[in-house]
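This report refers to the structure that appears directly beneath it.
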Amino acid sequence: ILDSRPDLHFHLLVQSLIELIRDGRTTEGLEFARRELAPRAERNEAFLKELEDVMCLLVYGAASSAGAGKDKGKTGPKQSSNIDAPPSLLKLLSPQQRIMTASELNDALSSSLSLGGSHGETMLASLIRLCSYGENVLQKQGVEFPRMKVPRSEVSRMPYFREMNMYTQLKSQLVAFVE
């Protein structure tokens, strides 16, 4: 997934840098940015802008810990509320930033599991549908075989089966109405 989505890979790496900054691990953050993010930012203008914003946050974080004296470092990891940065940079430390990155990852994972068909169903749902079709064909031909057991609650969550269930209900209502 990450090979086919360089933007997602970059955003995950940026989130890792943000977490290092949040924890007050400035030296590690600088090394991480140099090793992982700088080469990617050199090749992509949008990545460079994002990296510059996060690096500004790193500078503010380093300035906050330096201005607080030696006692600050002994109290453990620094929290984002201790970083004296403009609100536009502090939003990078917000829970919404984490949620945005997680949502981007979830979307990529979901789309990688999808067959991309008209129903947008997952591969598992498609395989279950295919097995169900095969079972119906075998049953009509009178072949004995062990049937697959899928809980109704799972079947009802699959788009194809939901539509088929609605179709079957409409068909039975239409037949009852005609009779």
Kindly check whether there is at least one residue in region 23-35 that is without any contact (Cβ under 8 Å) to a residue 24 or more places away in the chain, within 22 Å of residue 96 (Cβ to Cβ) and part of a helix (DSSP H, G or I). no
For region 131-145, indicate whether the set of residues that are part of a loop (DSSP other than H, G, I, E, B) and at pLDDT below 70 is non-empty. no
Within region 37-60, the count of residues that are aliphatic (A, V, I, L, M) and open to solvent by 40 Å² or more (accessible area, probe 1.4 Å) comes to 4
Against the conditions (1) closer than 30 Å to residue 126 by Cβ; (2) at pLDDT 85 or above; (3) of a type in the set (S, T, N, Q), where does residue 15 fall short? Just the number, please. (1)
Qualifying positions in region 13-36 - of a type in the set (A, V, I, L, M) and either open to solvent by 50 Å² or more (accessible area, probe 1.4 Å) or more than 16 Å from residue 92 (Cα to Cα) (or both): 30
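The values are calculated or read from the model by the stated rules, or taken from the named source; none is laboratory data. Quick caveat, the model's predicted, so the values are computed rather than measured. FYI the Cβ positions are ideal-geometry reconstructions off the backbone, even for glycines, and counts take in every protein chain you see. These accessible areas exclude ligands, DNA and RNA; they are computed on the full protein's heavy atoms, side chains included. Shrake-Rupley method; radii C 1.70, N 1.55, O 1.52, S 1.80 Å.
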